[in-house]
Amino acid sequence: MSSTTYQSPYKPTPTSTQFDIFVRWLRLKKYRIEVTYGVYVFTPMEKVVFWTLFCVLFTFISVTLALYAQRSLTFFVRAAASHIHSRILSGNMVSHLLTAKHAATGLTTSAQTRGAEELMGGIAKNSQVA
């Protein structure tokens, strides 16, 4: 008898190429999917249907991401650049943010005061709310 040791197909060897490593990674992903979703108990025809649907859906999602991600990313970058450019043209960004904060607070306060006056029927004009 020859003394050979078991060599796992999933364990890389020192002479593995990049292609071998990629194939091993794909096998591990396939194994993970089969164990997670119970594909290993399917009949051969059910496996064909499952893997066909899986490949079709994966392809559609990948193509959609490739087509629309570039468009969405381009739109986002242009919108952000336009927003930053408009802030720079209007002056110092920090002072603009501080004035916007105070303006928003003032609007909220005056709106609350008007709402309280309307609820009280004008009685609140001489009270502490106004």
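Of note:
- Taken as a whole, the structure leaves residue 87 outside the set of residues that are surrounded by fewer than 10 Cβ atoms within 10 Å (Cβ to Cβ), modelled with pLDDT under 95 and in a helix (DSSP H, G or I).
- Scope region 26-40; condition surrounded by 12 or more Cβ atoms within 10 Å (Cβ to Cβ) and under 24 Å from residue 14 (Cα atoms); matching residues: 27, 28, 30, 31
- Near pairs, Cβ below 6 angstrom, 6+ apart or cross-chain, from region 58-87 (more than 28 Å from residue 33 (Cβ to Cβ)) to any residue that is surrounded by 10 or more Cβ atoms within 10 Å (Cβ to Cβ) and among the aliphatic types (A, V, I, L, M): 87/93
- Residue list for region 41-71, restricted to those being surrounded by 11 or more Cβ atoms within 10 Å (Cβ to Cβ), over 26 Å from the mean Cα position of the chain (by Cα) and not basic (Lys, Arg): 42, 46, 48, 49, 50, 51
- Check on residue 56, at pLDDT 90 or above and not polar (S, T, N, Q): yes
The values are calculated or read from the model by the stated rules, or taken from the named source; none is laboratory data. What you are looking at is a predicted structure, and each value in this text was computed from that prediction instead of being measured. Note that each Cβ is placed from the backbone with ideal geometry, even for glycine, and that neighbours are counted across all protein chains shown.
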